[in-house]
Amino acid sequence: MKHILCIGAGYVGGPTMAVIADRCPDCKVTVVDINADRIAAWNSGTLPIYEPGLEEVVNRCRGRNLFYSTDIPKGIREADIIFVSVNTPTKTFGAGAGRAADLQFLEKTARSIVEYAENDKIVVEKSTLPVRTAQAMSRILHSNTKNLKFQIISNPEFLAEGTAIRDLENPDRVLIGGMETPEGERAVEEIAAIYAHWVPRERIITTNLWSSELTKLVSNALLAQRVSSVNSISALCEKTEANIDEVTAAAGRDSRIGPKFLKASIGFGGSCFKKDILNLVYLCGHYGLPEVAEYWEQVVRMNDFQARRFVGNMLDAMFNTVADKKIAIFGFAFKADTGDTRESPARAVCVQLLEERARLSIHDPKALGNAKIDLADAGGDISYVDDPYEAARGAHAIAVMTEWNCFKELDYKRIFDSMEKPAFIFDGRNILDHEALYEIGFNVYPIGKKKRTHF
Ligand code: UDX
Ligand code: ADP
């Protein structure tokens, strides 16, 4: 039986290892973390992250060939293959602050492997990392005095939150990068054999290490760029009465462009897009490519602009002041079907509204706990409300931040009747039936489409 260890029981390591355990009954998979509460949650009936389908997979495998533990030394000693999926946030201090990746957690992990390993191992980078991190990783691992050999593999994760299990079970591709040496190629093959339990061989791509590391950054940069491109055009649509959904639907019919990932919004969030682009920007600067760095940085600037523009539109519509007005925030997660709020544009919108002295009443079906943490330092008048009708009662406006399906099914007549008048809806995700809302009496402000007002 192969022993697989995953260090880091987060949004990436948790779901990925659950699916590997499910699909590879001939492997023993152990997931370790320094955070004992997180491990306790993985061992309990309430998993630490919300992800559709995850609970079923965990319940099938936990205790069979999937184990969660805080015993990192034992995990390392037993493992043949170690996946590293610790967090690599953007640095907040020192050189490269605000751009470069903070690799301290990764380095500590590598040092633990050096300390506890007793035989040769394959170490797989799962976390998103700057290009050439594998080199640093290799140097640390080979600083061991036990004459142990490690093969470093890059196997970036492309799962999206909310659809993680589906993405893992049926991936567009699995990417595995390794050293171009016979030992490197054998290690790549060993990792490929794990995925080959359920992924067709033609979808398993193998490359050199650096291409694999860079592909992760580039994939996220290209996706984020698409969202920023569409959002930039949404601003132009609002000025010209073009309709962003019509424009993207027609443009997306060109098979070279394609229909996916063209939805206008208040902006992209999530732990990856901004971090990875800033990482790319930092790398380009580091390698003396300022024009390339500026090009990609604009994707992040456009995203920040979209959230500011959204609040600007709210202020314009609401007679240039929201001071002391109650505003219901529908959704705080960075996208639907997750409780994750990392880099959620909802936070940027809320902070600006609080600066304008609005009173916020925030509702989200899964993310209220994280919203409280994210806004703990924001100050101002905020309430967190489980019931959307309660959140909207007495409000001057509703701002839709997340595309939760449940928001489409609410009784907006009932909501309208309970609100101050004139009542406004700012649909930051274009998910509601704007014509129906207008008929009820709302003043409706979509993204990238004509507003519908009664005055
Ligand atoms: C992303 C990548 O998709 C995934 O491959 C990678 O492994 C991690 O980063 P994730 O951040 O979970 O996944 O979500 P994703 O579905 O990509 O959405 C990112 C953000 O873009 C969300 O805030 C989403 O609301 C926004 N978005 C997405 C849009 O605004 N419009 C779109 O058309 C698509
Ligand atoms: P991601 O979205 O990349 O999975 P998360 O923050 O959700 O990021 O998860 C990363 C996990 O890695 C956290 O649970 C954190 O406690 C864990 N971690 C960080 N450093 C170490 C370490 N040195 N050893 C073990 N686990 C670690």
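The values are calculated or read from the model by the stated rules, or taken from the named source; none is laboratory data. Values in this document were obtained by computation on a predicted structure and should not be read as measured data. Heads up, the Cβs are rebuilt from the backbone with ideal geometry, glycines too, and the neighbour counts pull from every protein chain shown.
Brief remarks follow.
- Subset tally (residues that are within 29 Å of Gly448 (Cα to Cα) and in a loop (DSSP other than H, G, I, E, B)) for segment 261-303: 12
- Residues of segment 357-378 classified as out of contact with any Leu (no Cβ under 7 Å at 6 or more places or on another chain) and more than 23 Å from Asp417 (Cα to Cα), total: 13
- Extreme residue, surrounded by the fewest Cβ atoms within 10 Å (Cβ to Cβ), among residues of segment 161-180 that are more than 16 Å from Val218 (Cβ to Cβ) and of a type in the set (A, V, I, L, M): Met179
- Qualifying position, being free of Cβ contacts under 8 Å to residues at least 40 places away in the same chain, surrounded by fewer than 24 Cβ atoms within 10 Å (Cβ to Cβ) and not in a helix (DSSP H, G or I), among Ile39, Ile34: Ile34
Every residue, every condition in (1) modelled with pLDDT under 95; (2) closer than 22 Å to Phe158 by Cα; (3) not in a strand (DSSP E or B), yes or no:
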position	(1), (2), (3)
Ile49	yes, yes, yes
Pro52	yes, yes, yes
Arg64	no, no, yes
Lys74	no, no, yes
Ala95	yes, no, yes
Lys108	yes, no, yes
Val123	no, yes, no
Ser127	yes, yes, yes
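- Segment 264-311 - residue that is in contact (Cβ under 8 Å) with a residue 60 or more places away in the chain and among the charged types (D, E, K, R) and, of those, nearest to ligand 1 (Cβ to nearest atom): Asp276
- Residue check for Leu280: away from ligand 2 (no atom under 16 Å from the Cβ), of a type outside the set (Val, Ile, Thr) and out of contact with any Leu (no Cβ under 6 Å at 6 or more places or on another chain): no
- Some residue of segment 158-167 being in contact with a Phe, Trp or Tyr (Cβ under 7 Å, 6 or more places away or on another chain) and outside the structural domain of Phe105 (by TED's automatic domain parsing): no
- Being under 22 Å from Gly10 (Cβ atoms), modelled with pLDDT of 95 or more, in contact with a strand residue (DSSP E or B) (Cβ under 6 Å, 6 or more places away or on another chain) and more than 14 Å from ligand 1 (Cβ to nearest atom) is true of Leu368.
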